[in-house]
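Some notes on the structure that comes next.
The values are calculated or read from the model by the stated rules, or taken from the named source; none is laboratory data. Remember, predicted model here, so these are calculated numbers, not experimental data. Cβ coordinates were reconstructed from backbone atoms using ideal geometry, including for glycine residues, and neighbour counts include every protein chain displayed.
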Amino acid sequence: KRSDILFDYQATLRKNISADYATMLRSVMKHPAMFQFLDADKNTKGQPNENFARELFELFSLGEGNYTEKDVKEAARALTGASIRNGVYTVSEKQHDNQEKTIFGQKGNWGPDDLINITIAQPATAAYAPQELIKFYLAAEGLPREYAVSFGKVWRANGMRLSELPRILFNSEIFYHPKFRGNFIKSPIAYYLGLCQDLGIDVIPYPGPIVNALRAMGQSFYNPPNVRGWLYGRNWISSSSLAARRAVARNLFVTTPDEKLNADDLKALKEARAAGHGNPSVTPDRLEFLAKNRTDAEIVVHFCNYFLPVTVSPEYRKVLEEHIQSDGKSRVRSIQEAVTGILQSPLYQLS
């Protein structure tokens with residue numbers, strides 16, 4: 001509800017993106033955005049609120065099946081009495097439960113920081129973040145647990161620094177295995193940024209059009225549906241979201257005249273141009289350059305190999321080639337329609 005707190009929360013995540021996992025969890029725990037969203041201010045001695053404790057285990061560190069209800073209740077007691085005043089996280093001795101708690105079999109008068117330390121030490125914690133990274137990059141359903149456990153052991157040996165997670169994954173053989181090519185549905189943000197990258201254009205410098213487009217595709221920017229975030233994979237696909245994706249691809253070939261922009265958008269566009277990144281659409285000149293000195297068949301092969309994650313059938317290429325050769329349109333126009341068709345195709349939704 002407060003954009004300033006949400007902005008600062010995002011800045012906090014970015015600040016700690018290379019920190020160790022414990023530091024990140026503490027930052028999340030102590031930030032006003034998460035503190036308020038999960039009712040941590042209502043967690044007092046005698047009336048513990050389990051919301052943050054449960055989400056800490058289920059979504060941020062361990063995953064389902066790696067903790068008990070008793071662990072959640074005891075963790076909630078460890079978090080009692082916390083408040084945030086003037087942006088500073090503090091624990092009131094009067095409101096904090098100072099009795100012994102048992103969390104994952106460990107007994108003590110635990111407080112919030114103790115809870116993070118105990119959670120980080122659990123074997124399942126080292127496997128959880130790697131599996132989440134795998135779900136984000138390789139397979140929405142994840143990989144067999146033994147792979148995540150092995151990944152986690154390497155990560156723990158490297159201090160559980162978040163910067164090590166992508167390094168380990170991107171240097172693994174499995175990341176480049178053919179099995180994981182063309183099997184993963186792009187998120188709306190990945191789809192749009194991929195279009196910009198593949199077409200050699202810039203991200204649109206004024207927010208309205210792309211914010212609206214992302215919302216229509218099912219990923220409202222900076223506004224996840226809940227604390228878990230978005231569900232990936234086939235959850236991105238529906239008749240309405242596919243129609244929105246097709247519209248995004250089509251609109252990248254349309255240049256909005258400067259005189260049709262409002263003052264704020266025009267100012268943002270001029271600033272982007274001055275900085276060298278004010279080209280958010282594909283121009284006819286760009287298409288002519290791509291088609292230069294290529295036959296129709298060569299154009300189709302080039303675009304299919306460049307844009308798509310898997311090899312297409314000869315029949316697929318033939319349809320595109322025949323479209324380029326169709327009468328009644330300029331060659332550039334026909335090429336634009338062929339490229340748009342590729343970018344709107346089911347195959348381009350995959351990575």
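Return the total of residues in the range 1-14 being without any contact (Cβ under 8 Å) to a residue 24 or more places away in the chain and either hydroxyl-bearing (Ser, Thr, Tyr) or farther than 25 Å from Pro225 by Cβ (or both).
Looking only at that region, the number is 2.
Starting from residues that are touching a strand residue (DSSP E or B) at 6+ places or on another chain (Cβ under 7 Å) and under 14 Å from Tyr191 (Cβ atoms), keep the ones in the range 234-254 and report whichever is surrounded by the most Cβ atoms within 10 Å (Cβ to Cβ). Before you say what the answer is, go through the steps one by one.
First pass over the range 234-254, keeping only residues touching a strand residue (DSSP E or B) at 6+ places or on another chain (Cβ under 7 Å): 234, 236-237.
Next, only the ones that are under 14 Å from Tyr191 (Cβ atoms) stay: 236-237.
On the way: Trp236: 22, Ile237: 14.
Per the criteria, the residue is Trp236.
Output yes when any residue across the range 242-251 is among the β-branched types (Val, Ile, Thr), under 30 Å from Phe60 (Cβ atoms) and under 22 Å from the mean Cα position of the chain (by Cα), and no when none is.
Looking only at the range 242-251, we keep the residues that are among the β-branched types (Val, Ile, Thr), and these are 248.
Checking the rest, the ones that are also under 30 Å from Phe60 (Cβ atoms) come to none.
So far as the range 242-251 goes, no, none of its residues is among the β-branched types (Val, Ile, Thr), under 30 Å from Phe60 (Cβ atoms) and under 22 Å from the mean Cα position of the chain (by Cα).
Need at least 2 residues that are of a type in the set (A, V, I, L, M) and in contact with a Lys or Arg (Cβ under 8 Å, 6 or more places away or on another chain) per element, so show me which helices (runs of 4 or more DSSP H) inside the range 1-107 make the cut, counting only ones lying wholly within it.
Once the helices (runs of 4 or more DSSP H) in the range 1-107 are filtered for at least 2 residues that are of a type in the set (A, V, I, L, M) and in contact with a Lys or Arg (Cβ under 8 Å, 6 or more places away or on another chain), what remains is 69-78.
Determine which member of the set Gly208, Gly152 is touching a Pro at 6+ places or on another chain (Cβ under 9 Å) and either surrounded by fewer than 15 Cβ atoms within 10 Å (Cβ to Cβ) or at pLDDT 95 or above (or both). Spell out the reasoning first.
Working: Gly208 fails: touching a Pro at 6+ places or on another chain (Cβ under 9 Å).
Being touching a Pro at 6+ places or on another chain (Cβ under 9 Å) and either surrounded by fewer than 15 Cβ atoms within 10 Å (Cβ to Cβ) or at pLDDT 95 or above (or both) holds for just one of Gly208, Gly152, which is Gly152.
Exactly one condition in (1) surrounded by 12 or more Cβ atoms within 10 Å (Cβ to Cβ); (2) farther than 29 Å from Arg145 by Cβ; (3) in contact (Cβ under 8 Å) with a residue 40 or more places away in the chain is false for Gly63; which is it?
(2)
If the requirement is being assigned to a loop (DSSP other than H, G, I, E, B), under 30 Å from Ala19 (Cβ atoms) and in contact with a strand residue (DSSP E or B) (Cβ under 7 Å, 6 or more places away or on another chain), which of these qualifies: Gly142, Gly159?
Going through Gly142, Gly159 in turn, just one is assigned to a loop (DSSP other than H, G, I, E, B), under 30 Å from Ala19 (Cβ atoms) and in contact with a strand residue (DSSP E or B) (Cβ under 7 Å, 6 or more places away or on another chain): Gly159.
Determine the pairs where a residue that is not assigned by TED's automatic domain parsing to the domain that holds Lys70, located within the range 98-120, has a partner that is modelled with pLDDT under 95 with Cβ atoms under 7 Å apart, the partner being 6 or more residues away or on another chain.
The qualifying pairs do not exist here.
Identify, please: which residue in the range 236-260 is touching a residue at least 60 places away in the same chain (Cβ under 8 Å) and of a type outside the set (A, V, I, L, M, F, W, C) and is, among those, nearest to Leu287 (Cα to Cα)?
Only one residue tops the list, namely Arg250.
Read through the list (1) of a type in the set (D, E, K, R); (2) free of Cβ contacts under 8 Å to residues at least 12 places away in the same chain; (3) touching a helix residue (DSSP H, G or I) at 6+ places or on another chain (Cβ under 7 Å), then give the number of the only condition that Arg85 fails.
(3)
Please determine whether any residue of the range 255-274 is at positive phi, surrounded by fewer than 11 Cβ atoms within 10 Å (Cβ to Cβ) and among the small types (Gly, Ala, Ser).
Looking only at the range 255-274, we keep the residues that are at positive phi, and these are none.
Among the residues of the range 255-274, not one is at positive phi, surrounded by fewer than 11 Cβ atoms within 10 Å (Cβ to Cβ) and among the small types (Gly, Ala, Ser), which makes the answer no.
Go through the range 20-60 and count every residue that is free of Cβ contacts under 8 Å to residues at least 40 places away in the same chain, among the aliphatic types (A, V, I, L, M) and over 15 Å from Ile116 (Cα atoms).
1
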